[in-house]
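Just so it is clear, none of the values below were taken in a lab; they were calculated from the coordinates. This structure is a prediction, so every number in the text was calculated from the model and none was measured. Because the Cβ atoms are built from the backbone with ideal geometry, glycine has one as well, and the counts that use them run over all protein chains shown.
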Amino acid sequence: MKAKKSNQIPAAKSKTKAAKVIQLNIFQQSQQRNVQKLIDGVWAAAVNSLWFYKTFSEKETETFKSLIAEHFYNSNDSKRNFRELIERICLAKRYVARKRGRYISKPQDYLNIHYPLGLAGTSAWLEQVKFIRKDVPEYNKGITTLAKSLLAFIESPSVANFHKGRKNLIEQNQFDLLQIYNNVIIHLQYKL
């Protein structure tokens with residue numbers, strides 16, 4: 001059990017009293033402690049797919065990552081959750097690209113788990129893809145390939161894993177997803 005003490009001014013120098021902040025990490029599940037790399041991966045995929053034309057400050061990035069972390073809180077399988085979030089981001093990117101005038105809302109809205117028109121709302125889209133795959137197994141296969149390839153690279157960042165994911169996307173002619181894959185890998189490797 002870890003406790004953090006906030007920086008407080010002694011009572012003699014300040015008229016207001018400061019309270020101690022104690023954070024208890026004993027209530028976190030073990031897989032929740034190890035999802036930071038997955039959260040970083042989801043953020044890299046989101047920013048390189050949806051907001052590639054914007055630059056975010058470090059403070060904004062941390063805020064957006066905390067919004068992404070909320071998607072992992074109640075997950076029993078963080079790896080499955082990661083793959084699904086990546087697939088949903090790709091579906092949103094393709095949705096916007098299909099018709100002129102469509103757009104993705106601001107990251108603080110889109111990534112918020114309580115915003116129904118954001119990432120949370122795309123869960124129904126992924127369920128529809130899974131339903132169609134029962135009859136057409138190859139339907140939107142590229143988004144699953146991208147998600148699996150990114151997860152493999154995050155778990156074991158190596159040149160071999162990078163080339164394997166790249167090769168799979170090229171074989172499927174998923175060049176829009178290949179660009180995202182390359183950008184995410186660069187983002188993760190160089191902490192952009």
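A few points about this structure:
- Three-way shape call for the stretch 44-97 based on the alpha-carbon gyration tensor, with the a/c threshold at 1.5: oblate
- Mean Cβ count within 10 Å, highest first, over the residues of peptides 43-52, 105-114: 43-52, 105-114
- Relative to the Cα centre, the charge distribution of the stretch 135-179, modelled as +1 at Lys and Arg Cβ and -1 at Asp and Glu Cβ, gives a dipole magnitude of about 200 debye.
- FRET efficiency, 1/(1 + (r/R0)^6) with R0 22 Å, evaluated for Phe56 and Lys167 via beta carbons: 0.10
- Greater than 27 Å apart at Cα, pairs in Lys54/Lys130; Lys59/Lys130; Lys106/Lys164; Lys106/Lys191: Lys54/Lys130; Lys59/Lys130; Lys106/Lys164
- Using every pair of separate Cα atoms, the Kirkwood estimate puts the hydrodynamic radius of the stretch 116-182 at 13.0 angstrom.
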